[in-house]
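Heads up, the thing below is written out as structure tokens.
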Amino acid sequence: MPHYPNKQFLDFEQPIKELYEQIEQTKKLAEKNPKINYQSTVDQLELTIADKRKEITCKLTPWQRVQLSRHPDRPYTLKYLEKMTTNFVELHGDRNVKDDKAMIGGFAQLDGETIMFIGQQKGTNTKLRQLRNFGMANPEGYRKALRLMKLAEKFNKPVVTLIDTPGAFPGQEAEERGQGEAIARNIYEMIRLKVPVICVIIGEGASGGALGIGVGDRVLMMENTWYTVISPENCSAILWRSWEKKEVAAEQLKLTAIDMKGFGLVDEIVPEPFGGAHWDYDEAAQTLKHAILRNLHEIKDIPPQERVNERITKFGKMGFWNEV
Amino acid sequence: MKKERDEDFEANLSGNENSDAARSRWFKRIKKGILTSTSEKKETPEGLWAKCPECNYICTTTELNEGLYVCPKCNYHHRIGSEEYYEMLFDNDEYEEHFDNIVSTDFLGFTDLKPYSKRLEEIHSKTDLKDSMRIASGKINGQGLVIACMDFEFIGGSLGSVMGEKFSRAVDYCIEHKLPFLVISKSGGARMMESAFSLMQLAKTSGKLSQLSDAKIPYISLLTDPTFGGISASFGMLGDLNIAEPGALIGFAGPRVIKETIKKDLPPGFQRSEFLLDHGFLDFIVDRKILKQKLSQLITLFNN
């Protein structure tokens, strides 16, 4: 039985919603007729739900994965920190303009080890979504992230970033304060950071907004996430000159974790609970925690300069071309 | 007019700049075909006149060419390609081109309105360009320099694997020969047809710049009209010096996207070079006519 039956259902999750409704009805019947035992019916329905979640996971299209990555009940950065870490202290501000609520960060302990966590944060209701600017950071967000990374480097603590953004915010003030420069600076500084860096795509990985905190020794992707150069909607609008081709664009962009792992652009896929991370926050967080710890363990003893060189070499190999 | 200019880098990025379907048809042809007989046909040599998109001033192409493609009336800097920049900057137009054997390939089998492979074929048959960036080394006023220059003509100067690889090898070349590095940017952003591979070029090029920096070799980033997206979010903004041509549109997100997001009109001059200088993101703006002189001045200062 899921620990967290979700509140909102995507179109392809409707069969599960119906099964939940049947359970509700059965329970009501049980209240009316206390003499009849309905428990076996409920158990049977719950088994069917579990099967259905498995079934959905098996045949997800790229576009459905995009939808899952944006599921309104999906756990965000702070949720993962709550479930995975202890002693989390959030740190604010870029020491320059303001505190960007779309980008959060701070020290926390993962199995006793101090780590700097940084990630985009989305809101969980309408008001909070606005406060968090839908996970779209401004330049000050990227500069806060960089400040925290430098802080971690100074005290020799590893950096773990959790990426979940529909993109860097395309606003007037963002441009005035140098959105491009902020992201460029982060990419440049991250690739030469002396401490271990692990990046995880936990939701949406859209373009420069994601890469701005996405350059690491290890880049992991959770199972139902996407990572590419543009969102399928915008890709459809530019290349197909229509908003209607987002499903096709999602397929053509090859943006799923499986594709990205296949290309060698990410290092590992972190499995999610059947049906998606929103079905079981604890399970999702535990799997992620172990993946982070294992990767950290593998890279933490490499001498810093060697690790930086390996990072540069790793990204330097990416691309495809012919030599004639 | 301006509106059209604001938007067309995106059209170029999608490679649809020449498609008739993209343009609206405002007249209807009554009779089909050409009615003038061949004997009556009048020949007008092409490319004799050039019109300034900014002030509509018309001058001969020779005049424009001699004036380094700058409008004699309003100082509008026409968009030019690598060939023109190399001719303008290298002494006696002498330079050696490098890594031109690296060409794009359709690894992903990407198909939008047409397959990426077909797009590449078409552009190869239309122009002499191999890809959206060319690398050349030579001398300017007697001092050695490596110039990586983009060609907007080639899928909107988009950043793909080939640009990333050429850029990387150019950096290695600079380190090996201890030559300063100039990058002339003119691009709509990342090449969508290469999906995440094009995104990773941002990290790839930044990694190489980190090595260039460790080798203490000067890197100058010259931004020209237009420079957007992945370029401004990577090496475009990472110069030891960031400079730009006057009036160039430079930014992360395109003006149309921003307008749609904030649902407000953007202030005049938004995202132009002068705006960036004002906000502290450029070291200076340089007129094309004094570009060579200014660059050699800088190289002297660095080399001294």
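Once B binds A, the 1.4 Å probe can no longer reach about 5000 Å² of accessible area, counting both sides.
Shown for region B:235-272: residues covered by the partner protein chains by 50 Å² or more of accessible area relative to the chain by itself (probe radius 1.4 Å), namely B:238, B:252. In terms of the Cα gyration tensor, with a ≥ b ≥ c the square roots of its eigenvalues, is region A:18-88 rounded because a/c is under 1.5, prolate because a/b exceeds b/c, or oblate? Here region A:18-88 falls in the oblate category.
Could you tell me how far the Cα centroid of region A:1-70 sits from the Cα centroid of region B:241-297, in Å? Each part reduced to its Cα centre gives a spacing of 55 Å.
For the peptides B:189-195, B:167-173, the ranking by mean Cβ contacts within 10 Å, running from highest to lowest, is B:189-195, B:167-173.
Let a ≥ b ≥ c be the square roots of the eigenvalues of the Cα gyration tensor of chain A; is it rounded (a/c under 1.5), or, if not, prolate (a/b larger than b/c) or oblate? The shape class here is prolate.
Using the heavy atoms of the protein chains and a 1.4 angstrom probe, tell me the accessible area per residue for chain B in square angstrom.
46
Principal-axis analysis of the Cα atoms of chain B puts helix B:291-303 at an angle of about 20° to the longest axis. The GNM of chain A, with springs linking C-alpha atoms under 10 angstrom apart, assigns the highest mean-square fluctuation among A:54, A:157, A:27 to A:27. For chain A, the 222 nm mean residue ellipticity estimated from helices alone, with every DSSP H stretch of n ≥ 4 adding -39500 (n - 2.57) and the total spread over all residues, rounds to -14000 deg cm²/dmol.
Computed over all pairs of different Cα atoms, the Kirkwood value for the hydrodynamic radius of region A:11-59 is 11.5 Å.
In degrees from 0 to 90, rounded to the nearest 10, what is the angle of the helix B:161-177 Cα long axis to the longest principal axis of chain B? Taking Cα atoms only, the helix is inclined about 30 degrees.
Going by average Cβ neighbours within 10 Å, how do the peptides B:206-217, A:87-98, A:270-281 rank, with the highest at the top?
Numbers: B:206-217: 19.1, A:87-98: 13.1, A:270-281: 22.7.
Packing order, densest peptide first, comes out as A:270-281, B:206-217, A:87-98.
With the helix formula -39500 (n - 2.57) applied to DSSP H stretches of n ≥ 4, chain B reaches a computed 222 nm mean residue ellipticity of -10000 deg cm²/dmol. Binning all Cα-Cα separations of chain B at 20 Å, short to long from zero, yields these whole-percent fractions: 31, 57, 11, 1.
Quick one: Karplus J couplings for region A:22-36, per residue in order, coefficients 6.51, -1.76, 1.60, θ = phi - 60°, nearest Hz, x for Gly and Pro? These are the phi-based 3J(HN,Hα) values: 5, 4, 4, 4, 4, 5, 5, 4, 4, 5, 6, 10, x, 7, 8 Hz. Taking amide H atoms as placed 1.01 Å from N in the peptide plane, the amide H of residue A:103 lies under 5 Å from those of A:121, each 5 or more residues away in sequence or on another chain.
Counts of other chain beta carbons within 10 angstrom of each beta carbon in peptide A:237-245 average 4. Each residue of region A:134-143 was assigned a 3J(HN,Hα) from its phi angle through the Karplus curve 6.51 cos²θ - 1.76 cosθ + 1.60 (θ = phi - 60°); the sequence is 6, x, 9, 7, 9, x, 5, x, 5, 6 Hz, with glycine and proline shown as x.
Note that region B:59-136 shows a convex hull volume over its alpha carbon atoms of 138 Å³ per residue. Both radii are taken from the alpha-carbon atoms of region A:180-324; with Rh as the Kirkwood radius, Rg/Rh is 1.00.
Inter-chain neighbour count for B:187-195: the average number of beta-carbon atoms from partner chains within 10 Å of each residue's beta-carbon is 5. Taking chain A as a Gaussian network of alpha-carbon nodes connected by springs under 10 Å, the highest mean-square fluctuation of the residues A:292, A:230, A:302 belongs to A:302.
Within the full protein context, the accessible area of residue A:85 is estimated at about 20 Å² for a probe radius of 1.4 Å. Between the alpha-carbon centres of region B:57-100 and region A:126-169 there is a gap of 43 Å. In terms of the mean number of neighbouring beta-carbon atoms within 10 Å, the peptides A:255-266, B:293-304 order highest first as A:255-266, B:293-304.
Rounded, prolate or oblate: pick one for region B:181-262, where a ≥ b ≥ c are the square roots of the eigenvalues of its C-alpha gyration tensor, a/c under 1.5 means rounded, and failing that, prolate if a/b is larger than b/c, else oblate.
Since a/c reaches 1.5 but b/c is at least a/b, the shape of region B:181-262 is classed as oblate.
The angle between the Cα long axis of helix B:2-13 and the main principal axis of chain B comes to about 80°, on a 0 to 90 degree scale.
Surface listing: A:307, A:129 arranged by accessible area from highest to lowest gives A:129, A:307, probe 1.4 Å. Taken one residue at a time, the phi angles of region A:83-92 give Karplus couplings (6.51, -1.76, 1.60, θ = phi - 60°) of 7, 9, 10, 10, 6, 5, 10, 6, 10, 10 Hz. Gly and Pro are set to x.
Just the protein heavy atoms count here, and of the accessible area of region A:11-59 at 1.4 Å, carbon and sulfur take up 51 percent.
When the pairs A:246/A:300; A:246/B:259; A:246/B:28; B:118/B:178 are compared against a 31 Å limit on Cα-Cα distance, A:246/A:300; A:246/B:28; B:118/B:178 fall above it.
To put it simply, the accessible area of region A:66-316 at a 1.4 Å probe is 50 percent carbon and sulfur. Find out how many positive minus negative residues lie around residue A:256, taking Lys and Arg as positive, Asp and Glu as negative, among other residues whose Cβ is under 12 Å from that of residue A:256. Around residue A:256, the surrounding residues sum to 0. Volume per residue of the convex hull around the Cα atoms, evaluated for the protein assembly as shown, comes out as 193 Å³. Of the accessible area of region B:80-303, computed with a 1.4 Å probe over protein heavy atoms only, carbon and sulfur atoms account for 49 percent.
Looking only at other chains, what is the average number of their beta-carbon atoms within 10 angstrom of each beta-carbon in B:162-174?
That average works out to 2.
Using alpha carbons only, how many angstrom separate the centre of region B:157-189 from the centre of region A:241-268? Their Cα centres are 27 Å away from one another.
The values are calculated or read from the model by the stated rules, or taken from the named source; none is laboratory data. Note that this is a predicted model, so its numbers are computed, not measured. In this analysis, Cβ positions are derived from the backbone assuming ideal geometry, glycine residues included, and neighbour counts consider all displayed protein chains. For the accessible areas, the whole protein counts, side chains as well, though only heavy atoms, and no ligand, DNA or RNA atoms are used. Shrake-Rupley method; radii C 1.70, N 1.55, O 1.52, S 1.80 Å.
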